[in-house]
Every structure is written in structure tokens, then in C-alpha cells.
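Here the structure comes first, spelled out in C-alpha cells, and everything after it is commentary.
The values are calculated or read from the model by the stated rules, or taken from the named source; none is laboratory data. What you see is a predicted model; the values in this text were computed from it and never measured. Here the Cβ positions follow ideal geometry from the backbone for every residue, glycine too, while neighbour counts run over all protein chains shown. Accessible surface areas use protein heavy atoms only, side chains included; no ligands, DNA or RNA. Shrake-Rupley method; radii C 1.70, N 1.55, O 1.52, S 1.80 Å.
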Amino acid sequence: MSATPKHSPEPEVWSPSSWRAYPALHQPEWPDAEQAEGVRSRLASLPPLVFAGEARQLRDALGEVAGGRAFVLQAGDCAESFHEFSAPLIRDKLKILLQMAAVLTYGGMLPVVKVGRIAGQFAKARSSSTETVEGVELTSFRGHMVHGDEPTLDARVPDPERMLQVYHQSAATLNLLRAFTKGGFADLMQVHAWNQEFVANSPEGRRYEVIASEIERALRFMAACGIDLTSAPQLHQIDFWTSHEVLDHEEGLTRRDSLTGDWYDCSAHMLWIGERTRQPDGAHVEFFSGVNNPIGCKIGPDATPEDVLLLCERLNPDRIPGRLTLISRMGADRIFELLPPHLRAVREAGHPVAWVCDPMHANVFTTNSGLKTRHLDAVMGEIEGFFAAHRHEGTWPGGVHLEFTGEDVTECLGGSEEVHEDELNLRYMTLCDPRLNARQSLDLAFRVAELMRRYPSPR
């Protein structure tokens, strides 16, 4: 869907509800508007999930990415599930992200900003409003925030009460993530412990163990030199940020910061706008233009440089580094052709954006058996084209945005222990789009680290 600019009159004063005056695409159609309003009011009475100061810290970290001094790893489920929710599942997602970040940091010699698609990623825009399951036409599954995934007409009726369940599950997830990332689990001394059993015996796992041993050896060398490693908190804990792409339940969780008086969406540290909802005169851009969180915006193959510049002006008129991340998703075959004009236009206009590659969404295809999948070679092909385009334009390829899981699934093809098409049904577990499994994710991290060494930061 092209985001052709249309200049609608804007409300005189932005408010958390001003988005309602704008066209809102891919939003749930709640059967009972009064019930939905009541849920929003209850959300507004609940404590924030994140704090404004945390969002500002992430903005500063992303400012380093925009300046070519850091790299973003943003990853997680396509859509979180109400059914698959447990401490081991959350831990395993964090494990593979920590492994990938260690590989990227070691290979690229740059800080890695770790952002999860987690603790709020419960809704999805869909390319089609309906889907056919076992001969029955149903409303397309839009995420557990909206309705159930069961293939029945009743299950697909939107239920606004689910927004409250999203809040409580997100709060529990955030609580556990904070304990893991600040309580010792993310300690660099535990670098070997992040290797899961089913990954450890793979080529990727064995390669990871080599890097983990080198990191451990470097730490022992520092200690032998008399450096007090216990006094360096960055070795023992990490900053981990949350992100998602939702709109309707954001209004109730948007609060004024008591220190600055600015508005922040306190449901996540970072929010992003999808390719299908990035219309400059639309509800999503209107809402996110008024909150001070870091914002991401997907840029697909139909976007023009003029579209992108208008989005930059709408979402970051003050040109604050780290405020806006542009996430390209153009396809492995088209990225090198389509991305450079955008890089050039944004650079020449002086917008301090962080550029990130989403190599997942434009490389989906459906197999003869009807399963959606991606091939790791195509995913890597888009990342390679992304790096090449930035090298051509003299700009910084600032990160990757991935859909992955810590589970041993068979949803994407390829990898060093190749998943073949006839194996997809073995463990195809996603609620929506296919995800990289842990081995494929680690394979990708090693290959991206090699690209980072080949195209060093201009810092």
C-alpha cells in the first residue's frame, strides 16, 4: 500500500485521543464501542509499564546508532501469544538475543542496542481482511489482543477486554525481563550458559562457543592485569528495551512525564508504524507524532523519497538524533535498487535518522502445501543489499529487525542445518508469520558480523 501524502487539517492541539479524527487503517472493529471505551478508561487508571526516563535513555542509545557509533538488534515474535506464556519461553528468547548481541559486538566492535519485539506485540496488520481455513472464510487472525486464533467464526469476533489481558501479560513479561537483565542472567561471565542444548551441538553453536571462550579469556586477562571487573556494571547487566506496533490500547497508557511535562506512551520503550499504516495523514502517524518515545517507521518498496521526507518532518520535526528509526523492508531482489534514493534524500535534508533493515516481511512466500515461509538466503540477501546500499551512499547501516524465536521450530527454510520444505510441518508453530529458529538466528548473526567487519563504522 503506497503512503501517498494527503494533507488533512490537523487538530490545533495534539492529545492522546486526537488520532481518532484521522483515518485509522487496520484497526479492530469493536462490536461494542461503549465497552471498548470502558476498557480504555480502565487502562488509563493502571500503572505505566515503562517510564519516560527509560524511553529517553533508549532515544540516546539510538542517537548513537544514527551517528554510526552503535548497532541495533531488534527481534522477537511475529505476534506474542496468550497460550505460549512462561518463564522458560521468555528466557529462551532472551538467551538467543544475548548470543546474537555477543556475536555482533565481538565481530563489529561496536555497542549493540538490544530491543525486543516483546511485552506488547499482540496485534498485527494483515494484508488481507479474510482467510480461508478448512474451506471456511474467516476474519484474518489479527493477534490475541483483538480475538482468538481458533478457526471459528465466534473466536474471530473482536473483544476489547483482551486489551487488559495484554496489559497484565506485558507487565509480567517486563518484570521477568528486568530480573534477568539486571539480576545476573545477562552477566558476561555467563556467556557460555546462553547456549541452548539444541543449538550447542550445531555448527552455529560450536562457533559461538569459540567466541564465548575468547570473551572469557579476555575477561580473565583484564582481571590478571588488576582491573576490577566487579566495578564495571556493563559487564554484569544490560539495558534491554521493549517495542511493538499497536495503536488502540496505546491511548490509555499515554501519560505526561512528571519531570518534563511531555507525553510518553508508557506501554513500551519504542513503538513502530507499519508499512500499511504509515500514511502521513493517518491515525498512526498522528498519534506517534505526539508521544516522545523513540519511533520506528517501516519503509516498503512503494514508498517515494518524498513520502519518506514527509514522514521525517511529521515524526521528528525537531531533528532529535535517536527519535526516528527508518526500517526498510523492500525485498532481497530490490533493496539495492530502491534504498539509495531514500538514503540520499534523508542525508541531504539533514534528518538524523537511524537506518535499520527488516529483511523478513518482503521475502515471504507460500509453499505448494499452503504454508507461509521465508528462506534464510533471501533474508541474508536483503541484509547484504542493505549494507551495500549504505556503502554506496556513505551512510551507516544501523541494524536489523527480525522475527525469531528461541524454540526449535521449522518455519523458515535454509540455514547451515538446512530446513527443507517437506520439513516445515514438523514444528510449524507460529500464530502468524514464519520465524527464524535459534540456530538460524545465530547463523544470521555471524554473517551480519562479517558484514560489519567488511563495512566498518564511519565513526
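You will find that of Arg162, Arg206, the residue that is surrounded by 12 or more Cβ atoms within 10 Å (Cβ to Cβ) and without any contact (Cβ under 8 Å) to a residue 12 or more places away in the chain is Arg206 and no other. Of all residues in the stretch 68-92, which are open to solvent by less than 30 Å² (accessible area, probe 1.4 Å) and within 16 Å of Pro397 (Cα to Cα)? Hits for the stretch 68-92 are Gly68, Ala70, Phe71, Val72, Leu73, Gln74.
A search for C-beta distances below 6 Å between a residue of the stretch 377-388 that is open to solvent by 10 Å² or more (accessible area, probe 1.4 Å) and any residue that is polar (S, T, N, Q), counting only pairs 6+ apart in sequence or on different chains, returns Ala378/Asn363.
This table checks each residue for (1) surrounded by fewer than 21 Cβ atoms within 10 Å (Cβ to Cβ); (2) within 21 Å of the chain's Cα centre (by Cα).
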| site | (1), (2) |
| --- | --- |
| Thr254 | no, yes |
| Asp257 | yes, no |
| Thr260 | yes, no |
| Cys266 | no, yes |
| Trp272 | no, yes |
| Glu275 | no, yes |
| Gln279 | no, yes |
| Glu286 | no, yes |
| Asn292 | yes, yes |
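Selection over the stretch 82-94 of residues that are out of contact with any helix residue (DSSP H, G or I) (no Cβ under 9 Å at 6 or more places or on another chain) and part of a loop (DSSP other than H, G, I, E, B) gives a count of 3.
Of the residues that make up the stretch 210-229, is at least one under 28 Å from Asp408 (Cα atoms), open to solvent by 50 Å² or more (accessible area, probe 1.4 Å) and without any contact (Cβ under 8 Å) to a residue 24 or more places away in the chain? So far as the stretch 210-229 goes, yes, one or more of its residues are under 28 Å from Asp408 (Cα atoms), open to solvent by 50 Å² or more (accessible area, probe 1.4 Å) and without any contact (Cβ under 8 Å) to a residue 24 or more places away in the chain.
Evaluating Leu97 against the criteria (1) crowded, with 21+ Cβ neighbours inside 10 Å; (2) part of a loop (DSSP other than H, G, I, E, B) leaves one unmet condition, (2). Scanning the stretch 429-441 finds no residues that are farther than 17 Å from Ile96 by Cβ and either among the aromatic types (Phe, Trp, Tyr) or at pLDDT 95 or above (or both).
Kindly indicate whether Ala232 is open to solvent by less than 30 Å² (accessible area, probe 1.4 Å) and without any contact (Cβ under 8 Å) to a residue 12 or more places away in the chain.
Working: open to solvent by less than 30 Å² (accessible area, probe 1.4 Å): yes; without any contact (Cβ under 8 Å) to a residue 12 or more places away in the chain: yes.
In short, yes.
State whether one or more residues within the stretch 55-63 are closer than 20 Å to Leu94 by Cβ and surrounded by fewer than 18 Cβ atoms within 10 Å (Cβ to Cβ). Within the stretch 55-63, one or more residues are closer than 20 Å to Leu94 by Cβ and surrounded by fewer than 18 Cβ atoms within 10 Å (Cβ to Cβ). Look at the stretch 182-193: where a residue is under 17 Å from Pro88 (Cα atoms) and a partner is modelled with pLDDT under 90, sitting 6+ places away or on another chain with Cβ atoms under 8 Å, you get Gly184/Gln190.
Any chance you could count how many residues in the stretch 100-138 are more than 24 Å from Ser170 (Cβ to Cβ), of a type outside the set (Gly, Ala, Ser) and open to solvent by 20 Å² or more (accessible area, probe 1.4 Å)?
At the first step, the residues of the stretch 100-138 found to be more than 24 Å from Ser170 (Cβ to Cβ) are 102-111, 127-138.
This time we only want the ones that are of a type outside the set (Gly, Ala, Ser), so: 103-106, 109-111, 130-134, 136-138.
Filter once more, so that each one left must be open to solvent by 20 Å² or more (accessible area, probe 1.4 Å): 105-106, 109, 111, 130-134, 136-137.
The number of residues fulfilling the criteria is 11.
Filtered by the rule that a residue be open to solvent by 20 Å² or more (accessible area, probe 1.4 Å) and either among the hydrophobic types (A, V, I, L, M, F, W, C) or within 22 Å of Asp318 (Cβ to Cβ) (or both), the stretch 335-344 gives Phe336, Leu338. Of all the criteria given as (1) modelled with pLDDT of 85 or more; (2) under 27 Å from Val356 (Cα atoms); (3) touching a Ser or Thr at 6+ places or on another chain (Cβ under 8 Å), the one not satisfied by Tyr208 is (3).
The stretch 189-305 holds strands (runs of 3 or more DSSP E) entirely within its bounds, and those carrying 2 or more residues that are farther than 22 Å from Glu403 by Cα and either among the aromatic types (Phe, Trp, Tyr) or in contact with a Pro (Cβ under 7 Å, 6 or more places away or on another chain) (or both) map to 254-256, 263-265.
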